[in-house]
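Asker: Below is the structure I would like to discuss, written out as structure tokens.
Every number in this text was worked out from the coordinates using simple rules, so none of it is lab data. Bear in mind that the values here come from a model prediction, so they are computed numbers and not experimental data. Every residue, glycine as well, gets a Cβ built from its backbone with ideal geometry; the counts of neighbours run over all protein chains shown.
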Amino acid sequence: MSGLSIENISMRFDLPNGTAVQALQDVSLLLNKGELMSVLGPSGCGKTTLLNIVAGFLAPTSGQVVLNGHAVTGPDAERGMVFQQGALFEWMDVRENVSFGPRMGGQTEAQWGAQVDHLLDVTGLGDFKDKATYELSGGMQQRVALARCLANDPDVILMDEPLGALDALTREKMQGLVLKLWKETGKTIILITHSVEEAILLGERLLVMAPRPGRIHEEYRLPFAEMGVGGDLREVKTAPGYAETREEILEMIWNMEEEIMGRTEDMQ
Amino acid sequence: MIGVMILLVYVAIFLGSFLVVRFFVRRSTSDFTALKTVTFGDESAVASNRIASVVSVVTIFLIWGSFTGSNWVPGFLHAPGPFVGDTSFVYTIETGDGTRDDATVFVRVAGFGEQAEKFEVDPGEGIAKDDAVAMPASRSSTILFDRNDEVTRKDGAQVVAIDGVAIGPDKAIQTPAGRFALTAKGAISYAPPRGLQMEPIWLPPPEAVVGRLIEIADEGYRDSTLWNHLGYSLFRVIAGFLFGALLGIPLGYAMGLSDWFRGWFEPIVEFMRPVPPLALIPLVIIWFGIGETGKIILLFLASLWIMAISARAGVSGVNISKVHAAYSLGASKFQIMRHVIMPNSLPEIFTGARVAMGVCWGTVVAAELVAASEGAGMMIMVASKFQLTDIVLMGIILIGVIGFGIDVLMRKAENWLVPWKGRS
């Protein structure tokens, strides 16, 4: 079976003070090859935990993640990861960063050179390939992170708020780049974000999660990512249905937040 | 007294040069800092003032030269020197029966480092006879005025006035000739004006120190050339530091990567770290003697804990995202060690290395002060026993310059090898 299957994942953290936190409860999900799913939810809903489980950094208390027919037991090159920031290797230049995966896999430059240079061009880093990463702007650094992940040719790309630290304009540009790369490479992508707009624009599928315990609240299938590919993201925002979807999801998350706040007030 | 004077002069130059520079040197208006209106509290607007640094260094040498009567400082800048040359004063004695008589004491004061030459004078007439005294500058001299007098102190004679000013056993006086007092036995204690200059035994003038440097660089000191002394100290530091780093860095890595290693070595490292290396000198001497082995082991111990702790901090400080990213890119544990953890820890290790080199340099000098047959510390220790202050000063300056040089080199190496430090 080709695709990513999340099967009845539960995650419980036992705290030192004797209480336990149910970070995820019975989360099940099936992602087909080539789908882009964005995940939204108020803080504490377990979205990063879910991503870490899929990446293999955390083992779930129960349930399993199955990719291409085999269970995930740890991190692996088949599941690439793009972090919010700070995950680049400052002691390598841009090209060395991007070629890290192939080089660790024992490939020679003859094998990875063409692909890496192609990715550098696609991500607009062609002129910066000999620069140190700390000399680049935040947006450029995230381009490096994207290219580095793609250079390794993973089956699934996991993005943990990859654009969260960027300013609004850079962010918009990068959203276009993510869509473009997704379409060109046909990768399966899970993208966690705090921005409702970003989730709607990029998510072919959109998952809203709810906290305490972390669970799937609602799932959408949206047409906007398909529209955005090759088009203008700002035009997509005027497309029919966009505003309504955004309002609906915003309201949903607002209600959740209020519920949380209400609960904390009750406790006090 | 001299200390207070020097402090006052120093403060005066500090304030004076500040005001002069403020009023007469215009800041360039082209740089951005000059346009800032808020500078007080803005740390980035406070760059070290070059003029202040130059004036500061010049001031130190000026004060040094001025208060030691250096040839390198023009005469009008010299602090008043001690009286040197011939002087005389008249003392009045009173015998037991009330008779008074005057006599003159001729004093010849020799300058610093010169031998006071004895001389004779004609004793003259009267009960009290004239005396001749030779003495070095800036000292006091007890003058047994009655050695040639007809009536001596034993006979009940006593000094009642100097140059016409009354003096008594409890009453010291100051005249233009100097300071006078009477000893318990009635002799005259005389100190010619001391001025404000330091004796070379306390503080030699700069040219004396430079002269010593040239002399010792040329002829060596205590059976070794100067380069030998300094070379030995440097060799000990580098050997001790290298051994310390060679063991300390892997130890720090192991402590950062394994709970067993950390648990095992943490008590040892945390205990040894605050022990000053100087406190280990006696034990090292008991165990290894005063030879090279003992010194290198001491420096090894001085750098070991610093290097271990900095390597551990370097490993612990790795952003977990970097490690996760590397795993997700298919790197093995060994590759993560080699390509992520080790380069990531380099900035911390360099900081540790700079600290360790500084500590080692301080420790080696101290160890050589205690016991050594060569070395910079040994040089100044032996010189101090012979009161060769100029060699002591020369040694201190050389030690300072080398210590500073080590730090500069380490910083250069740091900029070259870990340019990403503090910029991730």
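Asker: Determine, at each q value in 0.17, 0.19 (inverse angstroms), the log₁₀ of I(q)/I(0) that the Debye formula gives when each Cα of segment A:1-99 is one equal point scatterer.
Answerer: Each listed q maps to, in turn, -0.88, -1.02.
Asker: Once amide H atoms are built 1.01 Å from N in the peptide plane, which residues 5 or more positions from residue A:11, or in another chain, come under 5 Å H to H?
Answerer: Sorted by chain and number, the residues that satisfy this are A:23, A:24, A:25, A:26, A:61.
Asker: List, largest first, the extents of the alpha carbons of segment A:154-268 along their principal axes, each in whole Å.
Answerer: Sorted from largest, the Cα extents of segment A:154-268 read 51, 34, 27 Å.
Asker: State the extension gain, in nm to one decimal, for the chain segment bounded by residue B:333 and residue B:5, taking 0.36 nm per residue of separation less the distance between their alpha-carbons.
Answerer: 111.4 nm
Asker: Kindly write out, for segment B:182-194 in residue order, the coupling ³J(HN,Hα) from the Karplus curve 6.51 cos²θ - 1.76 cosθ + 1.60 (θ = phi - 60°), rounded to whole Hz, with x marking Gly and Pro.
Answerer: Along segment B:182-194, the couplings run 10, 6, 4, 8, x, 6, 8, 9, 10, 10, x, x, 7 Hz.
Asker: Find the Rg to Rh ratio for chain B, where Rh is the Kirkwood radius over alpha-carbon pairs and Rg uses the same atoms.
Answerer: Across chain B, the Cα-based Rg/Rh ratio is 1.17.
Asker: Additional query: Any idea what the relative contact order of chain A is, in percent, if you count C-alpha pairs under 8 Å spaced at least 6 apart?
Answerer: Once normalised by length, the contact order is 25 percent.
Asker: For B:416-423, what's the mean count of beta carbons from other chains sitting within 10 Å of each residue's beta carbon?
Answerer: Mean shielding count: 3.
Asker: A further question on this structure: Would you calculate the separation in nanometres between label points at residue B:416 and residue B:202, each defined as 7 Å from the Cα along the Cα-to-beta-carbon direction?
Answerer: Placing both labels 7 Å beyond Cα along the Cβ direction yields 4.6 nm.
Asker: May I pose another question? Kindly identify segment A:49-109 as rounded, prolate or oblate by the Cα gyration tensor criterion: order the square roots of the eigenvalues as a ≥ b ≥ c, call it rounded if a/c is under 1.5, otherwise compare a/b with b/c, prolate if a/b is larger, else oblate.
Answerer: The shape class here is oblate.
Asker: In segment A:96-156, which trypsin sites (Lys or Arg not before Pro) fall in coil by DSSP and have 16 or fewer other Cβ atoms within 10 Å?
Answerer: Sparse-neighbourhood loop trypsin sites (Lys or Arg not before Pro): A:131.
Asker: From a point 7 Å beyond the Cα of residue B:57 in the direction of its Cβ, which residues of segment B:346-368 have a backbone N at a distance under 14 Å?
Answerer: Within reach of a label on residue B:57, which here means backbone N under 14 Å from a point 7 Å along Cα→Cβ, segment B:346-368 contributes nothing.
Asker: A further question on this structure: Mind checking which of B:147, B:22, B:108 has the largest fluctuation in a GNM of chain B, springs on alpha carbons under 10 Å?
Answerer: B:22
Asker: Relative contact order for chain B: what is it in percent, counting Cα pairs under 8 Å that are at least 6 residues apart?
Answerer: Once normalised by length, the contact order is 12 percent.
Asker: Once the cut-off is 20 Å, how many percent of the Cα-Cα pairs in segment B:88-178 end up in the long-distance tail?
Answerer: 37 percent
Asker: On to the next question. What translational diffusion coefficient, to the nearest whole µm²/s, does segment B:207-417 have by Stokes-Einstein, given a Kirkwood radius computed over alpha-carbon pairs, a temperature of 4 °C and 1.567 mPa s viscosity?
Answerer: For these conditions, the coefficient is 69 µm²/s.
Asker: Additional query: Computed FRET efficiency, Cβ-Cβ of residue B:34 and residue B:275, R0 30 Å: what is it to the nearest 0.05?
Answerer: 0.05
Asker: Quick one: Karplus J couplings for segment B:60-67, per residue in order, coefficients 6.51, -1.76, 1.60, θ = phi - 60°, nearest Hz, x for Gly and Pro?
Answerer: 4, 5, 5, 5, 4, x, 5, 8
Asker: How large is the convex hull of the C-alpha atoms of chain A per residue, in Å³?
Answerer: Output value, Cα hull per residue: 146 Å³.
Asker: If each Cα of the protein assembly as shown is one equal point scatterer, what is log10 of I(q)/I(0) from the Debye formula at q = 0.06, 0.11 Å⁻¹?
Answerer: -0.63, -1.18
Asker: Summarise the partner chain shielding of A:82-92 as one whole number: the mean count of Cβ atoms from other chains within 10 Å of each residue's Cβ.
Answerer: Per residue, the average neighbour count from other chains is 6.
Asker: A follow-up question, please. Past 24 Å, Cα to Cα: identify those pairs from A:173/B:333; A:129/A:180; A:131/B:36; B:333/B:412; A:129/B:412; B:36/B:412, in the order given.
Answerer: A:173/B:333; A:131/B:36; B:333/B:412; A:129/B:412; B:36/B:412
Asker: Using Cα springs under 10 Å in a Gaussian network model of chain A, which residue among A:202, A:222, A:163 shows the largest mean-square fluctuation?
Answerer: Maximum fluctuation in the GNM of chain A, among the listed residues, is at A:222.
Asker: For a quick check, take a GNM of chain B with Cα springs below 10 Å and name the residue from B:241, B:76, B:288 with the largest mean-square fluctuation.
Answerer: B:76
Asker: Can you list residues from other chains, or at least 5 along the same chain, whose modelled amide H is less than 5 Å from the amide H of residue A:39?
Answerer: Here the answer is A:191, A:192, A:193, A:207, since their amide H atoms fall under 5 Å of that of residue A:39.
Asker: Apply the Karplus parameterisation 6.51 cos²θ - 1.76 cosθ + 1.60, with θ equal to phi minus 60°, to every residue of segment A:175-185 and state each ³J(HN,Hα) to the nearest whole Hz, in sequence, with x for glycine and proline.
Answerer: After applying 6.51 cos²θ - 1.76 cosθ + 1.60, I find 4, x, 5, 4, 4, 4, 5, 4, 5, 5, 9 Hz.
Asker: Are there trypsin sites (Lys or Arg not before Pro) in segment B:378-424 that DSSP puts in a loop and that have at most 12 other Cβ atoms within 10 Å, and which ones?
Answerer: Within segment B:378-424, the qualifying trypsin sites (Lys or Arg not before Pro) (loop, at most 12 other Cβ atoms within 10 Å) are B:423.
Asker: Cβ neighbours within 10 Å, averaged per peptide: list B:413-419, B:37-43, B:300-306 in order, most packed at the top.
Answerer: B:300-306, B:413-419, B:37-43
Asker: Another one. Counting each pair of different Cα atoms once, what's the Kirkwood radius of segment B:2-77 in Å, rounded to one decimal?
Answerer: About 14.7 Å, per the Kirkwood formula over Cα pairs.
Asker: Measuring from a point 7 Å past the Cα of residue A:111 along Cα-to-C-beta, which residues in segment B:324-343 have an amide N at less than 15 Å?
Answerer: Answer for segment B:324-343: B:330-332.
Asker: So, one more: Kindly provide the Kirkwood hydrodynamic radius of segment A:98-180 in Å, to one decimal, from all pairs of distinct alpha carbon atoms.
Answerer: 13.3 Å
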